[in-house]
Amino acid sequence: MSGLEAGSDVLSYCGRCKMDLNHVVIAMKGTAVLKAQCRTCNATHGYRSPKGITEPGQIVAKKKRTTTRSKAEPIEAVWTRMWEESSSSPVLKYNMKEHFGHGFRVDHPKYGSGIVDRIIHPNKIEVVFKDDKRVLIHGGPPANET
């Protein structure tokens, strides 16, 4: 398991999830991983080799994750730009039963004003709010009128 350090990703068996999943290395002794935290359930436990792997050399470690958030445009600047671009659109109250399309302005009771950035699935939309992007449920595409 050479090349591993605290904060690196490693494949480990999670007893809570009952699967081999990605974990973050929490503690090491020399080159041996002692503790890992599951990226799925956030449980911290002693490192357990993935099922079917008996030699530590078989495990391929991933590089430590780096964030690109600092290089990207801040979310508030994205929201401001999108809000100004869609200034001709009315602001609609968010209701999960209603249909929303790309560029729609939405007023959410908890998150505030947002703009629909993309349609993820027929019934899911990604909305840009001042503080974050969020995935919301909506009524899906409008029914075809015949």
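Each value in this text was obtained by applying a stated rule to the coordinates, not by laboratory testing. Source: prediction; values computed, not measured. So basically every Cβ, Gly included, is an ideal-geometry build from the backbone, and we count neighbours across all protein chains shown.
For this structure, a couple of remarks:
- Calculated FRET value between Ala32 and Ala72, using beta carbons and R₀ = 41 Å, to 0.05: 0.65
- Amide H contacts of Ser113 (H built 1.01 Å from N, in plane; Pro and chain starts excluded): His108 sit under 5 Å, all sequence-distant by 5 or more or on other chains.
- One decimal place: the segment Ser113-Ala6 gains 34.5 nm when fully extended, by the rule 0.36 nm per residue minus the C-alpha distance.
- Segment Asn22..Lys51, full-extension length gain: 9.1 nm, with 0.36 nm per residue of separation and the alpha-carbon distance subtracted.
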